[in-house]
1. Give the residues of the stretch F:217-240 that are more than 10 Å from chain A (Cβ to nearest Cβ) and among the hydroxyl-bearing types (Ser, Thr, Tyr), sorted by residue number.
2. Assuming residue C:231 fulfils every condition listed in (1) open to solvent by 10 Å² or more (accessible area, probe 1.4 Å); (2) in contact with a His (Cβ under 8 Å, 6 or more places away or on another chain) apart from one, which condition is it?
3. Name the residues in the stretch C:151-199 that are among the acidic types (Asp, Glu) and under 25 Å from residue A:118 (Cα atoms), would you?
4. For the stretch E:192-206, enumerate the residues that are touching a residue at least 60 places away in the same chain (Cβ under 8 Å) and β-branched (Val, Ile, Thr).
5. So, in the stretch F:35-88, exactly how many residues are assigned to a loop (DSSP other than H, G, I, E, B) and either surrounded by 24 or more Cβ atoms within 10 Å (Cβ to Cβ) or of a type in the set (S, T, N, Q) (or both)?
6. Checking residue D:151 against (1) surrounded by 20 or more Cβ atoms within 10 Å (Cβ to Cβ); (2) in a loop (DSSP other than H, G, I, E, B): exactly one of these is not met. Which one?
7. Can you tell me which residue in the stretch A:93-110 is farthest from residue A:171 (Cα to Cα), limited to those that are open to solvent by less than 10 Å² (accessible area, probe 1.4 Å) and in contact with a strand residue (DSSP E or B) (Cβ under 6 Å, 6 or more places away or on another chain)?
8. Please determine, by comparing only the residues of the stretch D:158-202 that are closer than 25 Å to residue D:16 by Cα and open to solvent by 50 Å² or more (accessible area, probe 1.4 Å), which one is nearest to the other protein chains (Cβ to nearest Cβ).
Protein chains: 6
Amino acid sequence: MKFRVILPTIVDTFNEEVQVEFAHYVDDATEVQVRHLDYGPASVEGEYDEALCVPNLLEKAIEAQNEGCDGVISLCFADPGVKAAREVVNIPVVGAGESSMLFASMLARSFSVVTVLPNVIPMIENVSKTLGVQSKLASIRYVNIPVLDLVDKEKMKEALFAEMVKALVDDKAHALVLGCTGMTGVASELQDQLREHGYDVPVIDPSFAAATILKGLIAMRVKQSRLTYMAPTEKARTFR
Amino acid sequence: MKFRVILPTIVDTFNEEVQVEFAHYVDDATEVQVRHLDYGPASVEGEYDEALCVPNLLEKAIEAQNEGCDGVISLCFADPGVKAAREVVNIPVVGAGESSMLFASMLARSFSVVTVLPNVIPMIENVSKTLGVQSKLASIRYVNIPVLDLVDKEKMKEALFAEMVKALVDDKAHALVLGCTGMTGVASELQDQLREHGYDVPVIDPSFAAATILKGLIAMRVKQSRLTYMAPTEKARTFR
Amino acid sequence: MKFRVILPTIVDTFNEEVQVEFAHYVDDATEVQVRHLDYGPASVEGEYDEALCVPNLLEKAIEAQNEGCDGVISLCFADPGVKAAREVVNIPVVGAGESSMLFASMLARSFSVVTVLPNVIPMIENVSKTLGVQSKLASIRYVNIPVLDLVDKEKMKEALFAEMVKALVDDKAHALVLGCTGMTGVASELQDQLREHGYDVPVIDPSFAAATILKGLIAMRVKQSRLTYMAPTEKARTFR
Amino acid sequence: MKFRVILPTIVDTFNEEVQVEFAHYVDDATEVQVRHLDYGPASVEGEYDEALCVPNLLEKAIEAQNEGCDGVISLCFADPGVKAAREVVNIPVVGAGESSMLFASMLARSFSVVTVLPNVIPMIENVSKTLGVQSKLASIRYVNIPVLDLVDKEKMKEALFAEMVKALVDDKAHALVLGCTGMTGVASELQDQLREHGYDVPVIDPSFAAATILKGLIAMRVKQSRLTYMAPTEKARTFR
Amino acid sequence: MKFRVILPTIVDTFNEEVQVEFAHYVDDATEVQVRHLDYGPASVEGEYDEALCVPNLLEKAIEAQNEGCDGVISLCFADPGVKAAREVVNIPVVGAGESSMLFASMLARSFSVVTVLPNVIPMIENVSKTLGVQSKLASIRYVNIPVLDLVDKEKMKEALFAEMVKALVDDKAHALVLGCTGMTGVASELQDQLREHGYDVPVIDPSFAAATILKGLIAMRVKQSRLTYMAPTEKARTFR
Amino acid sequence: MKFRVILPTIVDTFNEEVQVEFAHYVDDATEVQVRHLDYGPASVEGEYDEALCVPNLLEKAIEAQNEGCDGVISLCFADPGVKAAREVVNIPVVGAGESSMLFASMLARSFSVVTVLPNVIPMIENVSKTLGVQSKLASIRYVNIPVLDLVDKEKMKEALFAEMVKALVDDKAHALVLGCTGMTGVASELQDQLREHGYDVPVIDPSFAAATILKGLIAMRVKQSRLTYMAPTEKARTFR
């Protein structure tokens, strides 16, 4: 099994970490290939960034299919380009946001997402609405740290922990989702820390969730519905 | 008042008709400027087309603001780029799909949209979900005519009438919305024809609905919320 | 274009102000005629008041149609008599509450209404439910000032501002709606004041919203659906 | 226990039948007093009729309270005046529509209402929405017989049976509600008839449901919430 | 009329109190028979307890039918075994939780449940979802007292009052439901106490609500739908 | 990794097939142990059967934990005992119904379940409601074949295909879910057959879906929330 992880960003800051992390998510028989964009935004923190990253992300998805990949992950919690990519390729395409929300919907009566900035809250809420799980979403909170500053892991974990407790206590969330794929490698640690404070709740890592769902789809030999994601019609399309 | 209508397509097939039609929608004090795209798809008939049209549409929206326009319409029923454009400009941005659905929600207990192809049904449904009126949406039907073939008005009207009757009888719709901005200039005629057949229901023209809402927003001096549509964060962004 | 604004109240306290305000909402080609009731309540602050104002409001609506008006506005945020009036006339009938909620639904992911008294909260909530936008309604707050005391504009504005900030901060509203048509002429000022405090959000004036929607309906030549609002059946009806 | 049944109509066609029927619904210790209106419509078949019947219905409700009644029923499936009456009296007020829908919601995963005319469908749907059980409502069907023609019981039963079978088969309803209080005394017979045809489903009589709920409220010593139905504010109110 | 009240518990702590209380809920013509379980949990405070109590509860329900009872109440707020019992008997089966929520849905725009322990909150929420009234449920609060400790009535009432005020003020509930059938005989007193503090809201006793609904069903001669609750299929079933 | 698959049935008809099938779902490093019940029903085809199977299923779940298993699957589409088992063990517990519905929610705008008998439709619908994905559920259809007769694979496939096409055409489903874990080993074949007929849609096998989700949970080191599924309180519990 071979899958392509597309980071919808022009910086390669996260590539190595993603490569290392994904090795933990899959077994030895699975090859994980990480790609970032040739053009687009340095990170996705709003609708504008999403709009700019999708065209090249779609090219990367088509490339992945052409190069024999079995599936594609759009590695950003806002699921940029997932719907469009599903139209242009015949292999399964998975988003990190929707994958996490599905796990969280199953494990608890309600869940909260803790993300980076307030800018992305409406986008995440809209993902929950088109996915159909909005009634399980207790709240979306944020640590107020831009994506590219998540490299300071200690600061990030501290801020995440504080918001997570508020989500559990004030918003009555019963499960937690890390709302940015840049928040890598801290889910288990935060889960343990919360349990020590009396909150035995699942903390979902969105990259891991996406990897899990994609592996499952490939194994099950199912992909997105072609009634929902029809192939693009034939006609002229030009590029900048 | 001056507003910019952006057709998210590289063809100029509809420009003149749009210019003429919009003259009926506004008063003499309003200047309507129609623009189409420099690069992108020939029409928007799916998520892929939407992804391709948005980057240039956003440039056109910024240009409109720089050139002193008071508001922007994304003239396509799927509302491509509306959310992203609201982040990048300080003038109101309006979509044809959402505008029509709001009128229809008010005028009847339920409404149906009749659009061009099955490809766009999920996109339209998602617009209704993020707008919040999905409980009023009885069905989305289609005439199975691609956008660029809508020039055959007689064929289009015949197909629309047939689907509209099915929406009223089978889907229990009480109002109707033309689900493509290429279906210009036929709403009133279809409304009359339906009334003659015993169905006295409103038929909403999406271009007219968008023009009406935008005029209203400008007059009321309100625009999109900056809490929902925050200005893009500062960072590197590159283009093809 | 000629439209009739019906104030569902027996006092004429607001007539002149309404006349002056509506002149700002329409262009010169539009004649606005303001009428108040011959019998009914002094203001609408509950279901009982609504019940008492509707019979005469319906007579006024029929009168408006007979006198050649192109449309009718029921000028009260609870939309009294709007549904019934739609049955008895063939011209469009519009309510201030529903009109405002539609604009607010489009401009933000969520909105709050700030009204006069707690008495009307359930009525306003019910308007949102039959309109279909209840999922966008973050909260309904009140200034605890009866309609007839709204003449003290400074007191009203101060109270509105305080509740609006609570709506934005505590209830996570992203847009605001003035929840009484007696709160005339202050929306823009409050919008500016909020922006100065860091909240760049739309503040919707319900009278202006209703005028905008009605103008649009008349221009578009559409009205309420006769499948939803069927003409009254023939039979005996007596009056007090 | 003494309760007042108010028929929101100026004709006394149904009074005696209602008196006789209600005797079956209550025990000997309960006195049932039936009243019709002094002015208003001959039947309630739309929003206009509802508007006309409510003012006198409210007077009758206050009268009932003043004369020592323990509770009031608004005997019409559209629940006219129920919300307003709850504001003006301190005794419980119950509607036939809401009472029936509550029983039906409990007894099956979905239910259909079969009413008189298409005119009242939106009103009934709105009752289900403000009550909160709209997700259980499979459909609202009609026999196309005006209220005052329901005296032909055989014709009514035949039409009801036909529509009920369609509700069960086509709309996947699992319980049935008679959607007009003029459809008296036939629920059990129709229930038996359906069972003989293989459909063992409850058929709810709305008058019986309302009587049952009102008896329960009085016995339990609870009534409508004064936070939802606040007492009318003090001010001028005039009458025709 | 004869009905069987089944307490899904192996202790007989509550039997006498239930017997006495139910005598107040019904008239002299109604015989109330109280039964507890032969095997199962000492109280129902979670899904595990529910699973353990249902098999014997079903045997008791069948026994009730065989002994000529007209209906059955599962006397626990989580409604254990209600759905299964509806399959195995032909007499109406009623739960205390669903019965209370129906009354509360009618009497106010929103209601809160105050129950014993946090363990049962998800179960109660699920009852509201399958019943279809979840949109009316403002919150579920708890007094943090196990069922078997409810015998200290003063402590219980004090804790209930405190949580009820929080439900009204913080959660915007307009009606209240006692969320455990062990909270017997205090609803009216709490209702009075709240009114003295300015909150004139209904407080629903779940046992009383269930008795009222069951009496009504029997009188109306309706029971659960056999399309929703089909008779068990023929096949082998073994017991421990 | 070691997981325990519990068939909530006293027959061992399916054990071997399940053992063989699950070998395809997992890798070599995963040991799958299949168990059936000591007492309970021969199959789960209604609420009564569910009630009878859960007590022993819970014992089997505890046994699995005691014997060092990493997770448990309740192998029946109605997810019997899943919620209760989550309370009594500290390892993840997964149901086949919820797992399938999550995958289907992601892959298409709507999905249908095709199950065995009408008896289980309400149970499956309730699973979708407590999971929170009911808005994506287009319909639940059935082949009218009891679980134990599913051994005739050809008859089953033919019936499934017929109902699936109806779900796609009549109910507008865009994805399909096999609604019984006895429908083993036919999902891919049916998916291929549908694609040949022009319907390129995913067909989800519920056993495979459950195995995939459980593997993911164990790998991610997350389990059900202890705020939603609290450990049972200490008290007396007796068994038959």
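The values are calculated or read from the model by the stated rules, or taken from the named source; none is laboratory data. Bear in mind the structure is a predicted one, so any value in this text is a computation, not a measurement. In this analysis, Cβ positions are derived from the backbone assuming ideal geometry, glycine residues included, and neighbour counts consider all displayed protein chains. Quick note on the areas: whole protein, heavy atoms, side chains included, nothing else; ligands and nucleic acids left out. Shrake-Rupley method; radii C 1.70, N 1.55, O 1.52, S 1.80 Å.
1. Matches in the stretch F:217-240: F:233, F:238.
2. That leaves (2) as the condition not met.
3. Residues satisfying the conditions are C:163, C:170, C:171, C:192, C:196.
4. Result: E:201, E:204.
5. Kept after step one, since they are assigned to a loop (DSSP other than H, G, I, E, B), are these residues of the stretch F:35-88: F:37-40, F:42-46, F:67-70, F:75-81.
Subsequent filtering for residues that are either surrounded by 24 or more Cβ atoms within 10 Å (Cβ to Cβ) or of a type in the set (S, T, N, Q) (or both) retains F:40, F:43-46, F:75-81.
Matching residues across the stretch F:35-88 total 12.
6. It is condition (1) that residue D:151 fails.
7. Step one: filter the stretch A:93-110 for residues open to solvent by less than 10 Å² (accessible area, probe 1.4 Å), giving A:93-97, A:99-108.
Next, from what is left, pick out any that are in contact with a strand residue (DSSP E or B) (Cβ under 6 Å, 6 or more places away or on another chain): A:93-95, A:100, A:103-104.
Details: A:93: 32, A:94: 28, A:95: 25, A:100: 19, A:103: 19, A:104: 15 Å.
Per the stated criteria, the residue is A:93.
8. Residues of the stretch D:158-202 that are closer than 25 Å to residue D:16 by Cα, as a first pass: D:158-160, D:177-191.
So of that shortlist, the ones also open to solvent by 50 Å² or more (accessible area, probe 1.4 Å) come out as D:158, D:189.
On the way: D:158: 22, D:189: 11 Å.
By that ranking, first place goes to D:189.
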